[in-house]
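Worksheet: one structure, shown below.
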Amino acid sequence: MTMQAPTLQNSKTPATMCTENGCSSVAAFSYVWPWGAPGACCQAHRLHVQQRSTNLDRGPINFVAIDPHYVPPITRDERTQLIAAKMSVEQDLADVKARSAELYAHHTKSTAEARRLATLNAELVSQVGDLKATCDRLVSERDAARADTATAQLELERVKAMLPVDPQAK
Ligand SMILES: [Zn+2]
């Protein structure tokens, strides 16, 4: 995990940090050493900084309070970048909306198609049932007709046997 520099609330501006050795507090004051070097310190290190200057006979230091809520006005470059970023986000959003409308339409179409196929399937299953019933009926009618024919054949044989022999037929 990388340590992020503390930032001011609602701002990307990194907070100024206390420049005293080993201190990781956000600076509350900025100042300039009598010899010109700039510095910043937290509330707790203000006295240390002043003491050092006094020890060096450099007199009082003018501490300027850093307003933690100060947000520097955005520059022309930053404004241009923000506008570009906003336009890019708006374009992305438009793309996402278009894509989701496309997916929704596709989903609606697929759902309708699935419903149509389910109906068609039910219809075909019902037709297969009807055809099977017709087939069963025809098979049993055929079997009955065969049985009738066999009976009639036997009857014919029996009657023929009872007839006197035709002298012509030899
Ligand atoms: Zn400090």
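The values are calculated or read from the model by the stated rules, or taken from the named source; none is laboratory data. As the structure is a prediction and not an experimental result, all values here were calculated from the model. Cβ: placed from backbone, ideal geometry, glycine included. Neighbour counts: every protein chain shown.
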Legend entry - Enumeration of residues in segment 58-109 that are in a loop (DSSP other than H, G, I, E, B) and acidic (Asp, Glu): Asp67
Legend entry - Of the criteria (1) of a type outside the set (D, E, K, R); (2) at pLDDT 95 or above; (3) closer than 30 Å to Thr19 by Cβ, which one Gln127 fails: (3)
Inset, instruction - Would you point out the residue of segment 10-42, among those that are part of a loop (DSSP other than H, G, I, E, B) and touching a Ser or Thr at 6+ places or on another chain (Cβ under 8 Å), that is surrounded by the fewest Cβ atoms within 10 Å (Cβ to Cβ)? - result: Thr13
Legend entry - Near pairs, Cβ below 9 angstrom, 6+ apart or cross-chain, from segment 20-32 (free of Cβ contacts under 8 Å to residues at least 60 places away in the same chain and more than 12 Å from Arg46 (Cβ to Cβ)) to any residue that is within 10 Å of the ligand (Cβ to nearest atom) and not small (Gly, Ala, Ser): Ser24/Met17; Ser24/Cys18; Val26/Met17; Val26/Cys18; Val26/Cys42
Inset, instruction - Could you please give the count of residues in segment 16-63 that are within 13 Å of the ligand (Cβ to nearest atom) and at positive phi? - result: 1
